[in-house]
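See structure below.
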Amino acid sequence: MKMSSSSFSRFFSLPVTCLSALTLPVYADSSSQDASEKILALEEVVVTAPRMSNPLEVVTNPQKPRQPMPANDGADFLRNIPGFSIIRKGGTDGDPVLRGMAGSRINLLVDGQANLGGCGMRMDPPTAYIFPENYDRVQVLKGPMSVLYGPGNLAGTVLFETLPKDFSTKTVEARGSLLAGSFGRNDQVMNASTGSPLGYLQFTGTRSDAEDYKDGSGKKVHSAYTRWNAGVIGVWTPSIDTRIELRADRSDGEAAYADRSMDGIQFDREVYGLRLERKNLSPVLKKAEFQIFHSSVDHIMDNFSLRTPSAMSMWNNPKRTTEGGRVRTELALANATQLTVGLDYQENEHQLRSGSIAQPIDSVSRTPDMHFEDIGIFGELKHVLNEQDTLVTGLRSDQSKVSDLRTTTDTAGRTDRQTLPAGFLRWEHEISNSATTYLGLGTAGRVADYWERNRITGPAVNGIVTGTFLTKPERSTELDTGVLYQTENFQSTLSAFYSQVSNYIQLHQIDAMKNYYMTENIDASLYGGEADLSYRVSNHWTTYGTLAYVRGENETRHTPLAQITPLEGRIGLTYTGDTFSGGVLLRAVASQHRTDTSYGNIAGQDIGPGSGFSVFSVNGSARLKKGVSLSAGIDNLFDRTYAEYLSRNGAMISGFSQTTRVDEPGRFLWAKISLSLDGAR
């Protein structure tokens, strides 16, 4: 693919002066024997619902055992965080939803790099290319309350991160796991590093495979998949304050889908990246970072490889190439004032080719259909007013340019240029050593993405179709507030939000058979919140609960806003001992009657009212010896037949029963063994 590089080159000719401002969490000193034993014990706890650690921030370790069953992709992992849900399509590659918002309203970065899917119908959202156990930390920033990670974070930002390693006292570090479960589910994970104080090499490899699962009534769901990933990271640390990192990643696979007429038979993805980092350049300039990346997704789908072929056996082969980067600096303006400033850049181009089973793919030329470009400048300031009060604020401005490269649309050759300002102000107040409250106001804008612009509203007239390319950008203004409370035995957080969205981009499915959609701009409002608490009853027993709720209104049509998750709650009890932990979990979801049939977003449309349900699960984990642990669980213990309200329509597929929604798996047994090794010098 030939991409425009003039802006890209100009951007990266700038001085390397910028950097990251978020402070990494403080971890226990692993050189201490007591701390080491604490960390080892905590690894055995099955995580069920990570809570906020700071205002509007959730940080969790994806390598810890968790219930429900360990996730096979990024969306499956995020669904356990209060406020998230998932749109089911099959066994993998669901679309994540945060506070009623899906798609490009959630910013997703993997080690600072953006990676966009290729399928025009969201067969491969960005989370489809993430195997969570590869990463050391997942950070969720809810709402438009940060300007550091690109535009469009109306719902929030999700960061999957690999943390730097320290080889000053060891030469080898390795961990791996094997998982086996019902319906042929099996995962293999390997992460190994070797190095010295001057640098290290890290190798990762994952594979996840599953057969078609069955729902609680024994109906088989077209849902089998196989996915694999391999990566290498090389790090050179010529000094304690200097870090140079090179990385390469490759993944592929195939997946069957119960919601559509095609399956994915190739998800060929390549990622390359370079990061330079320097700390303590001066008393004021604390850190500078420069990063560039390149990724491509070559995706093939057809209706004959993974299902009974039809009379019209067809294939599609979209490809998307994304390039970008970032320069950031962290400045200590005073003891109480920290400033982060920088620029980021991204461009991506989408191409497509299609044909029948009689045409070899390589015999058909690719045709570019859309090109996106964005360059943003940002600054984020944190100022400690006094011992109790802190102000955090940020401003951002993005220049966006989108070009219609198609030749058969009414907007062929058109370019849509937009300026997107964003900003926020948040006050954090420490009521006591145990309690913190906050109040924030933020705004963010987002241009229509590829999936929203690439819709056809009806049949061609004289060879030209009417499309949705010139959809207006949307803007959210959101108020956030909440309280975090923590004592030795009791922890709780409560958060609430209200978001007013002008020009909210909504999709209306006009004709499902012919794939005609209208992309509309409406005024919308969303409000709700999340609550969680845990109470340590004794040294070994802890009880916990979570609650998440969101309500959406279509202010233009005076109807419920489509694709809004119902009220959801979880309650559980865990036991943690020296070598064994276990727990029970009840997840309950209310019915949803606030629906707007055939309206929705790029990930799905409302089908109709949804029934409530409850699911009971059990789990356990044991440390067999140092570096070896075993965890196991049973999800949907009572084999309930149910479907999430947010689910795609069940498609008619030969050999499978068609359902209104894609049903969730029935009773699921799984077991996982994990191993770790640290080779001291």
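Kindly indicate whether any position in the range 333-348 is of a type in the set (D, E, K, R), in contact with a Gly (Cβ under 9 Å, 6 or more places away or on another chain) and either under 22 Å from N115 (Cα atoms) or at pLDDT 95 or above (or both).
Here is the first cut: in the range 333-348, the residues of a type in the set (D, E, K, R) are 344, 347.
Subsequent filtering for residues that are in contact with a Gly (Cβ under 9 Å, 6 or more places away or on another chain) retains 344, 347.
The next check asks that each one be either under 22 Å from N115 (Cα atoms) or at pLDDT 95 or above (or both); those that pass are 344, 347.
Yes - at least one qualifying residue is present in the range 333-348.
Look at (1) open to solvent by 50 Å² or more (accessible area, probe 1.4 Å); (2) touching a residue at least 40 places away in the same chain (Cβ under 8 Å); (3) β-branched (V, I, T) and you find that I240 fails only one, number (2). Taking the range 650-663 as the search range and keeping residues that are within 30 Å of M101 (Cβ to Cβ) and of a type in the set (S, T, Y), which one is least open to solvent (accessible area, probe 1.4 Å)? In this case the residue turns out to be T659.
From the list T226, T237, exactly one residue is out of contact with any Asp or Glu (no Cβ under 6 Å at 6 or more places or on another chain) and hydroxyl-bearing (S, T, Y). Which is it? Lay out the reasoning, then the answer.
Details: T226 fails: out of contact with any Asp or Glu (no Cβ under 6 Å at 6 or more places or on another chain).
Matching residue, one of T226, T237: T237.
Considered as a group, the residues in the range 255-277 that are touching a Leu at 6+ places or on another chain (Cβ under 7 Å) and more than 22 Å from V232 (Cβ to Cβ) include one that is most open to solvent (accessible area, probe 1.4 Å), and that residue is I265. Among the residues making up the range 482-520, those that are in contact with a strand residue (DSSP E or B) (Cβ under 6 Å, 6 or more places away or on another chain), farther than 25 Å from G552 by Cβ and part of a strand (DSSP E or B) are L484, Y485, F490, Q491, S492.
Taking the criterion of being crowded, with 21+ Cβ neighbours inside 10 Å, among the aliphatic types (A, V, I, L, M) and under 22 Å from W451 (Cα atoms), the only residue of the range 517-556 that qualifies is A524. Only residues that are part of a strand (DSSP E or B), of a type outside the set (S, T, N, Q) and open to solvent by less than 40 Å² (accessible area, probe 1.4 Å) were counted across the range 296-318, and they come to 7.
Counting only strands (runs of 3 or more DSSP E) that sit wholly inside the range 3-99, those with at least 1 residues that are at pLDDT below 90, in contact with a strand residue (DSSP E or B) (Cβ under 6 Å, 6 or more places away or on another chain) and over 19 Å from P665 (Cβ atoms) are 52-54.
Here's the yes/no breakdown for (1) surrounded by 16 or more Cβ atoms within 10 Å (Cβ to Cβ); (2) touching a Gly at 6+ places or on another chain (Cβ under 7 Å):
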{"residue": "S432", "(1), (2)": "no, no"}
{"residue": "G442", "(1), (2)": "yes, yes"}
{"residue": "R446", "(1), (2)": "yes, yes"}
{"residue": "D449", "(1), (2)": "yes, yes"}
{"residue": "P473", "(1), (2)": "yes, yes"}
{"residue": "E478", "(1), (2)": "yes, yes"}
{"residue": "Y485", "(1), (2)": "yes, no"}
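Restricted to the range 100-139, and to residues there that are farther than 23 Å from D298 by Cβ and either among the acidic types (D, E) or in contact with an Asp or Glu (Cβ under 7 Å, 6 or more places away or on another chain) (or both), the residue that is modelled with the lowest pLDDT is E133.
Here V327 passes the criteria (1) among the aliphatic types (A, V, I, L, M); (2) open to solvent by 10 Å² or more (accessible area, probe 1.4 Å); (3) touching a Phe, Trp or Tyr at 6+ places or on another chain (Cβ under 6 Å) except the one numbered (2). Among the residues of the range 209-231, are any farther than 23 Å from I87 by Cα, of a type outside the set (G, A, S) and without any contact (Cβ under 8 Å) to a residue 40 or more places away in the chain? Checking the range 209-231: not a single residue is farther than 23 Å from I87 by Cα, of a type outside the set (G, A, S) and without any contact (Cβ under 8 Å) to a residue 40 or more places away in the chain. Taking the conditions (1) over 24 Å from the mean Cα position of the chain (by Cα); (2) outside any loop (DSSP other than H, G, I, E, B); (3) hydroxyl-bearing (S, T, Y) in turn, T471 satisfies each one other than (2). Note on the range 637-649: among residues that are surrounded by fewer than 22 Cβ atoms within 10 Å (Cβ to Cβ) and not acidic (D, E), the one that is modelled with the lowest pLDDT is N649.
Conditions (1) in contact with a helix residue (DSSP H, G or I) (Cβ under 8 Å, 6 or more places away or on another chain); (2) at pLDDT 95 or above, marked per residue:
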position	(1), (2)
T409	no, yes
L441	no, yes
R446	yes, yes
D449	yes, yes
V501	no, yes
D511	no, no
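Evaluated against (1) part of a strand (DSSP E or B); (2) β-branched (V, I, T); (3) over 26 Å from the mean Cα position of the chain (by Cα); (4) modelled with pLDDT of 95 or more, T556 falls short on exactly one condition, (1). Here the condition is being under 18 Å from S296 (Cα atoms) and not in a helix (DSSP H, G or I); of Q338, Q346, it holds for Q346 alone.
Say we look at the range 599-650 and pick out the residues that are of a type in the set (D, E, K, R) and in contact with a helix residue (DSSP H, G or I) (Cβ under 8 Å, 6 or more places away or on another chain); which of these is farthest from W451 (Cα to Cα)?
Residues of the range 599-650 that are of a type in the set (D, E, K, R), as a first pass: 606, 623, 625-626, 635, 639-640, 644, 648.
Next, from what is left, pick out any that are in contact with a helix residue (DSSP H, G or I) (Cβ under 8 Å, 6 or more places away or on another chain): 623, 626.
Values: R623: 46, K626: 49 Å.
My answer is K626.
Out of the residues in the range 167-202 that are among the aliphatic types (A, V, I, L, M) and more than 14 Å from S676 (Cα to Cα), which is most open to solvent (accessible area, probe 1.4 Å)? Looking at the filtered set, the residue picked out is L198.
Residues T393, T436, T411: which one is more than 18 Å from E347 (Cβ to Cβ), surrounded by 15 or more Cβ atoms within 10 Å (Cβ to Cβ), without any contact (Cβ under 8 Å) to a residue 60 or more places away in the chain and more than 26 Å from the chain's Cα centre (by Cα)? Break it down into steps so the answer makes sense when it comes.
On the way: T393 fails: more than 26 Å from the chain's Cα centre (by Cα); T436 fails: without any contact (Cβ under 8 Å) to a residue 60 or more places away in the chain.
Just a single option satisfies the conditions, and that option is T411.
When you look at G666, is it outside any loop (DSSP other than H, G, I, E, B), among the small types (G, A, S), in contact (Cβ under 8 Å) with a residue 60 or more places away in the chain and open to solvent by less than 30 Å² (accessible area, probe 1.4 Å), yes or no? Break it down into steps so the answer makes sense when it comes.
Working: outside any loop (DSSP other than H, G, I, E, B): no; among the small types (G, A, S): yes; in contact (Cβ under 8 Å) with a residue 60 or more places away in the chain: yes; open to solvent by less than 30 Å² (accessible area, probe 1.4 Å): yes.
No, not satisfied.
The values are calculated or read from the model by the stated rules, or taken from the named source; none is laboratory data. Owing to the predicted nature of the structure, the values given are computational and were not obtained by experimental measurement. Note that we place each Cβ from the backbone using ideal geometry, even for glycine, and neighbour counts take in every protein chain shown. Just the protein is used for accessible areas: all its heavy atoms, side chains included, with ligands, DNA and RNA removed. Shrake-Rupley method; radii C 1.70, N 1.55, O 1.52, S 1.80 Å.
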